[in-house]
Amino acid sequence: MDETENTAALPVEMPIPGADEIVLNMGPQHPSTHGVLRVKLKLDGERIEGSECIIGYLHRGVEKIAEHRSYQQFAPYVDRMDYVAAVSNGLGYCEAVEKLLGAEAPPRAKVVRTILTELQRIASHLLWLGTHALDIGALTPVFYCLREREEVLKIFEKYCGARLTTNAFRIGGLQYETYDGFEHDVKRFCDDFEKKVEEYEQLLTGNRIWVGRTKGIGILTGEQAIALGVTGPPLRASGVKWDIRKAMPYAAYEQYQFEIPTGQNGDTYDRYLVRMEEMRQSRRICLQAIENIPTGPIMAKVGKVLKPPPGEVYHSIEAPKGEIGYYVVSDGTVQPYRVRVRPPSFINLQAFDTMARGHLVADVVAIIGTLDIVLGEVDR
Amino acid sequence: MTNEILFYFFAGLAVLGGVLVVTMRNAVHSAVFLITTLLATAGLYLTLNAEFLFVVQIILYVGGIMVLFVFVIMLVNLDVALHQVQFNRQTWVAGLLSFALLAELLAAVALARSYGEENWLFAAPHVPTVTAEGNTEQIGRLLFQNYVIPFEIASILLLVALVGAVVMGKKRI
Amino acid sequence: MIQEAYFLLSKYIWQIVDGLVIVAIFPLLAGYVVLLERKVMADMQARLGPMRVGPHGLLQPLADAVKLMIKEDIIPESADRAIFWLAPVLSVFAGMLSFAAIPVGPGFLIADMNIGLLFIFAVSSMGIFGIVLGGWASNSHYSLMGALRSSAQLVSYEVAVGMAMVSGLLLAGTLSMKDIVEYQAHSGFWLVFVAPVGFVIYLIGSVAETNRAPFDLPEAESELVAGYMTEYSGFRWALYFLAEYSNMVVVGSVATTLFLGGWLRPFAGTHAMDFLDFAPPLVMLGVTGYCVYRIPKQTGWDQKFIMAIFAGICFVVTVPLAVVLAPGLAAWKAGVHGAFWFIAKVMGYVYVFLWARFTFPRYRFDQLMQVGWHYLIPLSIVNVMGVATAVVLHREAGWNPVVSIGVTLVVTMLAALWLVRAGERREQTALKSAA
């Protein structure tokens, strides 16, 4: 937290600080900024009067890399954006290219994709819950969360050999056939998981300190959220019932029953409740899907060399953090002409200033935590 | 003998600390030496068997007031204070007054020597001999029975000062 | 002169020895409290905790100590060197000095001061300077903010803690730690049953006083990295750590002495419960048995050997605990068993600290101050008035003690209820105005 001498770098609405105001840097090496986010805060005492998120410390030029790789070669790169939800990233990219090709994955592949993506949603939310609680000072939930996340990662590992950056899907279907006992593993996980969510809720939901730290903090109204383009749990917690799984179904989501949880106040506590409920709903989807996985091929016939016809396509899916969209332009060669990613973390982070104004410095960690950002995705 | 050694030790420490408080340039260093002085004074109370005063001195002055002092010093921009000239041109007034005080004290000591201990002004204070009852109880009795009215008036005065300070310090309540 | 020195030495020899003993066992004690914390934390978090250094990590504190001592000593260039050096020493000094007045047993008491409790209170209030000066001397924003927060926190919670202690003192009528326990032995009730509100306030306040979660704002790692300790490393950092953990033991000891009957056995006055006298040796024997049972399960002869040593230590502790049960050693029994019960109670109190730390999230700073000023301090004032009224009703008006305590307790609880309701209303309006 250094006071910056460099006031020239402040944005327009942040005038040169007066006597009562200080400018405070949080990050990029701060334990609660979830990686390398740097937040410049203008403070009046401990109250935040304005803020600016400075990003780019993890920029790797993922979108540029796409222009020099074939379509298949680029698939593993998208896993490195939101590295705690690699499966969802991969699904979005694969489906976008499939749309461009005019191909469709076989039913079996679609169902397995749904199961893995929902498991990934649970894993991502668990990691969010653990770190968010840790930021607010609850030391224990993170270990419980990682314990359950471990079970999900074990399923991934058994399925494709990787735990984090899975590259689980291929354009046109699945990378691998499911292993023996896949259904059993998923079922066992889902059966146990119900009780585990209860356990987290017991630790936090009714806890006076937790409620005191999260209720009324970082309020985002529905209109503000829509205006800022916020998606995912933060949008739904503000009372907007928008979920791409329902609005524009992809994979096999049409076949399953599930609810879209929404909140009323749009504060940190509501976002917490929404994500907790989403984990339950994901479990519900997994249980339904596992009942009846169709047999058949796992790959559509797309050929070894992918040469989509010239054109462009935008496809988005509901990733754990919000809408992840891929805008892919083809010029008819084996390499995409342009891949533009709409990362949910990047866009949700824009709401930070709106949410943080008027709160205290200590709330910054709660607000960053509740946005559930991954800097790999913000910076790409 | 032990008592004397302790007295000179604590007294010397108090005086040394006091001198350093006013000569140190850094306000935090001054505060540290002020703490030393206060602790040495507490030690003097202890040599006089006034253990309650000793503890109260530490709790109130060291643990309470000095913490607030240091708190305030930290909020003040020290770099500015460091470059300011701390001494002004009234040195000769201060020197004169100091000498007057020193002379007065020396005279008092000399007079006390010549008049003997029975003189009312310089007589050794009536130190109650150590009784079975600790001096916690004695002080409590004095404050809350013999002198309860002045004690309460002093408390109200402090309270008024406190409220006044809050009202003046805070723009809106 | 030499004779005088000799006289002084012979007069104070035991005090000097006691002081040396404190200095010697103090770091060890703090080290093992750290181990306890890590083990309890691991247990609550579905982990094992330290398992490598010694069997079940029993030698971990020694390894930590060696590591911290040989670490490079870093003083930031822009730090105020003298105060940077002084601050951790002050912290540890305050922690160690408090031990002088703690009565571990009727015999294990270094100084029976007639102001013992106030002495501990005064000395621990000096510990604040270690934090404040250390935070300032580091010349870093995180440190300074940690220091400011902690000084504000400690000063405000000291009021509530002091008031809570007063409610116990009013009943015991003495400041001497030894006499407080003897009062409880005499009256047959631990003060926690007579002044429960005071005990609860002390419990909460002492968590805040020792900077432990959920009040660990000065060192909130997610906000201030490590608070006032951010710039400290190596041995100086270890000193702060020692001070923190010994403060936990000190507040635990004060609570045990004042509210939990000090060295007294549970049901000390009831002869029907005399079988509890067998508990200390049996517990230690059980621990010994467990250590022996674990010996074959250790990997490697060195681990087995260390486990055997620990079993031996436990057995050596068991022997005097058992021997003093023999008839004719009643005087010894009071002391030896007293120490056992005292340590057991202090550890129980410390366990509550750890339990709270791993269960609760952290308060925000304004909320923390609110808990102190809006709830604890008013309640502690009401509690002191209530207890004082009960004492007067009993002693002057001749009321039945149970009735007088009961009546004032009900009044205090009503006041507490009102405070909570008022707080909730305040929160509601604050939420409404925010929304």
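Listing for the model above:
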| read-out | value |
| --- | --- |
| Scaled radius of gyration (Cα, divided by 2.2 N^0.38 Å) that segment C:26-154 gives | 1.29 |
| Order of C:W14, C:W85, C:W237 under a 10 Å beta carbon neighbour criterion, fewest first | C:W14, C:W85, C:W237 |
| Normalised contact order of chain C, rounded percent, pairs of Cα under 8 Å and 6 or more residues apart | 19 percent |
| Extent along principal axes [Cα atoms of chain C; Å; largest to smallest] | 65, 64, 62 |
| Taking the C-alpha atoms of segment C:166-269, convex hull volume expressed per residue in Å³ | 113 Å³ |
| Peptides ranked, highest mean first, by Cβ atoms within 10 Å: ranges A:140-146, C:393-399 | A:140-146, C:393-399 |
| Residue mean of other protein chain beta carbons inside 10 Å, A:354-364 | 3 |
| Rounded, prolate or oblate (a/c below 1.5 giving rounded, otherwise prolate when a/b exceeds b/c) for segment C:343-435 by Cα gyration tensor | oblate |
| Furthest towards positive pole of dipole, C:G54, C:G31, C:Q15, structure part segment C:1-58, Cβ charges | C:G54 |
| Centroid-to-centroid separation of segment C:252-311 and segment A:55-129 [C-alpha atoms, Å] | 57 Å |
| Å³ per residue enclosed by the Cα convex hull of segment C:250-378 | 175 Å³ |
| Listed residues C:L417, C:G406, C:A430: farthest to the positive end of the dipole of segment C:391-435 (Cβ charges) | C:A430 |
| Normalised contact order of chain A, rounded percent, pairs of Cα under 8 Å and 6 or more residues apart | 25 percent |
| Sorted peptide list for B:95-107, C:281-293, C:133-145, criterion being average Cβ within 10 angstrom, highest first | C:133-145, C:281-293, B:95-107 |
| Diffusion constant of chain A at 37 °C, which comes from Stokes-Einstein with the Kirkwood Cα-pair radius and 0.692 mPa s, µm²/s | 153 µm²/s |
| Average Cα contact separation per residue, segment C:134-204, under 8 Å, 6 or more apart, as relative contact order % | 27 percent |
| Whole-Å distance, taken between Cα centres, linking segment C:326-381 and segment A:355-380 | 37 Å |
| Radius, Kirkwood style, for segment B:1-86 when every pair of distinct Cα atoms is counted (Å) | 13.8 Å |
| Residue order, fewest to most beta carbons within 10 Å, for A:T333, C:T412, A:T131 | A:T333, A:T131, C:T412 |
| Principal axis dimensions, largest first and in whole angstrom, of the protein assembly as shown by Cα | 118, 81, 58 |
| Euclidean distance of C-alpha centroids, segment B:1-77 and segment C:109-134, integer Å | 15 Å |
| Residues A:C190, A:C94, sorted so that the one with the fewest Cβ neighbours within 10 Å comes first | A:C190, A:C94 |
| Value of Rg/Rh across segment C:1-58 [Cα atoms, Kirkwood radius] | 1.41 |
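Bear in mind these aren't lab numbers, they're just calculated from the coordinates by the rules spelled out. These numbers come from a predicted model, not from an experiment. We place every Cβ from the backbone using ideal geometry, glycine too, and count neighbours over all the protein chains shown.
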